[in-house]
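To start, the structure under review is shown below, and the notes come after it.
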Amino acid sequence: MQPTICVKLSPKHRKMIYFAFGLSFQSLNLELPELPIMASGSSPQCEPVSADVVIEEGDPDQWPELAPIRAELPQIRAQPGELHLEIEDIGYFRISHGNKIAWSRWSPNVQDQDIRSFLLGSALGALLIQREMLVMHGNALTKNGEAIICLGHSGAGKSTLAFALMRAGWDLLADDLVAITPAGVVLPGVQRIKLWKDAVEAFRLDHSELTAILAGVEKFQLAGSFIRSAQSGVPLKVCYVLPDEAPADRSDEGSISSSPLGSDRQVMAELLANVYRPLFVKGLGMQGGNFLTITTLLRKIPHLRLNIPHGIVNLPERLADFDFLNPTIP
């Protein structure tokens with residue numbers, strides 16, 4: 001069960017309103033159980049609120065024509081302030097000016113869960129980019145008022161590490177979509193973790209109690225009571241990048257360690273490689289803002305390669321021996 005945030009809804013905004021990334025979302029035709037609910041309350045401290053973002057069902061035939069970002073990718077069309085996505089067998093999404101997401105099913109048989117999977121991923125990522133946030137593909141956790149982010153390609157072990165850190169007392173800020181403000185604050189986002197079936201079993205969880213992220217895919221969503229979540233933005237302290245090889249290809253020996261990513265140019269290249277949906281950034285014309293935020297982070301915080309031996313069973317004791325907020329830098 002996600003937490004409820006107390007606000008007093010104005011009469012104009014009585015429909016369900018959710019909260020994530022420091023924004024309120026009014027979803028008119030689709031429930032979003034993955035997000036905290038903003039509900040009316042009787043406390044005098046509760047203030048009226050209007051939604052920052054409206055999410056509603058739309059008609060793609062009525063959307064304006066846009067040119068593809070690339071000729072070979074006609075399913076992604078964009079111009080500054082507007083982006084359209086076509087996800088085969090799932091649906092269509094229109095993201096406009098950082099304040100509206102419209103969606104439509106590919107067919108009547110498409111489930112709400114499948115719409116939400118892309119709405120809370122690619123569509124929401126595009127909206128955050130429109131709102132001038134640096135969006136990274138990774139996860140973010142916080143402890144003692146400071147945050148770390150962990151970046152890396154799909155399958156590098158980011159979500160497995162995040163779940164293990166939560167079990168060790170960390171709070172999750174976001175998984176998959178990590179939004180960082182120009183001031184270097186990591187915002188609380190979609191607070192769920194997605195694990196493949198082998199990781200679920202290694203953590204001794206019952207996958208029959210979990211929801212698959214897509215029909216027929218053995219990757220499961222952990223949310224609600226499975227998640228220790230943070231509710232406010234936290235300053236970023238350290239950025240980690242996981243190695244390119246898959247966890248199964250790493251040695252079982254040794255302990256967790258970190259090492260510098262290299263020169264400023266190498267760090268910049270690593271960060272740019274882990275920006276969420278770089279084609280969206282290009283199509284929306286937001287490269288300049290992204291570059292400035294990355295440059296600021298490069299000067300303010302350490303960026304390190306995180307070396308984690310293979311094996312979930314021994315991960316808890318290895319985590320206890322490594323100070324993620326104050327790593328020793330060789």
Please go through (1) more than 26 Å from residue 329 (Cβ to Cβ); (2) assigned to a loop (DSSP other than H, G, I, E, B); (3) free of Cβ contacts under 8 Å to residues at least 12 places away in the same chain for residue 155 and return the number of the only condition it doesn't satisfy. (3)
Could you please give the count of residues in region 196-234 that are surrounded by fewer than 18 Cβ atoms within 10 Å (Cβ to Cβ), farther than 30 Å from residue 184 by Cβ, free of Cβ contacts under 8 Å to residues at least 60 places away in the same chain and within 19 Å of the chain's Cα centre (by Cα)? 3
Testing residue 329 on (1) closer than 17 Å to residue 235 by Cβ; (2) open to solvent by 70 Å² or more (accessible area, probe 1.4 Å); (3) among the hydrophobic types (A, V, I, L, M, F, W, C), one condition comes back false. Which one is that? (1)
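Restricting attention to region 274-284, does a residue exist that is free of Cβ contacts under 8 Å to residues at least 60 places away in the same chain and hydroxyl-bearing (Ser, Thr, Tyr)? Working first, answer last.
Of region 274-284, the ones free of Cβ contacts under 8 Å to residues at least 60 places away in the same chain are 278.
Of the ones still in play, those that are also hydroxyl-bearing (Ser, Thr, Tyr) are none.
Scanning region 274-284 turns up no residue that is free of Cβ contacts under 8 Å to residues at least 60 places away in the same chain and hydroxyl-bearing (Ser, Thr, Tyr).
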Residue 252 passes all but one of (1) open to solvent by 50 Å² or more (accessible area, probe 1.4 Å); (2) touching a Gly at 6+ places or on another chain (Cβ under 8 Å); (3) within 13 Å of residue 136 (Cα to Cα); which number fails? (3)
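In region 282-297, which residues are hydrophobic (A, V, I, L, M, F, W, C) and under 16 Å from residue 181 (Cβ atoms)? Give the steps one after another, and end with the answer.
Going residue by residue through region 282-297, those that are hydrophobic (A, V, I, L, M, F, W, C) are 284, 286, 291-292, 294, 297.
Answer for region 282-297, where residues must be hydrophobic (A, V, I, L, M, F, W, C) and under 16 Å from residue 181 (Cβ atoms): 286, 291, 292, 294, 297.
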Output for Cβ contacts, cut-off 7 Å, separation at least six or different chains, first residue open to solvent by less than 10 Å² (accessible area, probe 1.4 Å) in region 117-146, second of a type in the set (Phe, Trp, Tyr) and in a strand (DSSP E or B), reads 119/93; 119/103; 123/93
Restricted to region 99-116 and to residues being buried (at least 19 other Cβ atoms within 10 Å of the Cβ) and either touching a residue at least 60 places away in the same chain (Cβ under 8 Å) or not in a strand (DSSP E or B) (or both), the residue farthest from the chain's Cα centre (by Cα) is 103
What number goes with the only condition from (1) assigned to a loop (DSSP other than H, G, I, E, B); (2) under 23 Å from residue 212 (Cβ atoms) that residue 138 does not pass? (1)
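Rundown of residues vs (1) under 19 Å from residue 157 (Cβ atoms); (2) touching a Lys or Arg at 6+ places or on another chain (Cβ under 7 Å); (3) surrounded by 13 or more Cβ atoms within 10 Å (Cβ to Cβ), yes/no style:
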residue: 237; (1), (2), (3): no, no, yes
residue: 240; (1), (2), (3): yes, no, yes
residue: 257; (1), (2), (3): yes, no, yes
residue: 261; (1), (2), (3): yes, yes, yes
residue: 266; (1), (2), (3): no, no, no
residue: 278; (1), (2), (3): no, no, yes
residue: 281; (1), (2), (3): no, no, yes
residue: 289; (1), (2), (3): no, no, yes
Any chance region 173-182 includes a residue that's surrounded by fewer than 16 Cβ atoms within 10 Å (Cβ to Cβ), in a loop (DSSP other than H, G, I, E, B), out of contact with any Pro (no Cβ under 6 Å at 6 or more places or on another chain) and not hydroxyl-bearing (Ser, Thr, Tyr)? yes
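The values are calculated or read from the model by the stated rules, or taken from the named source; none is laboratory data. These numbers come from a predicted model, not from an experiment. As a convention, Cβ positions derive from the backbone with ideal geometry for all residues, glycine included, and neighbour counts pool all protein chains shown. Areas reflect the complete protein model, heavy atoms only, side chains present, ligands, DNA and RNA absent. Shrake-Rupley method; radii C 1.70, N 1.55, O 1.52, S 1.80 Å.
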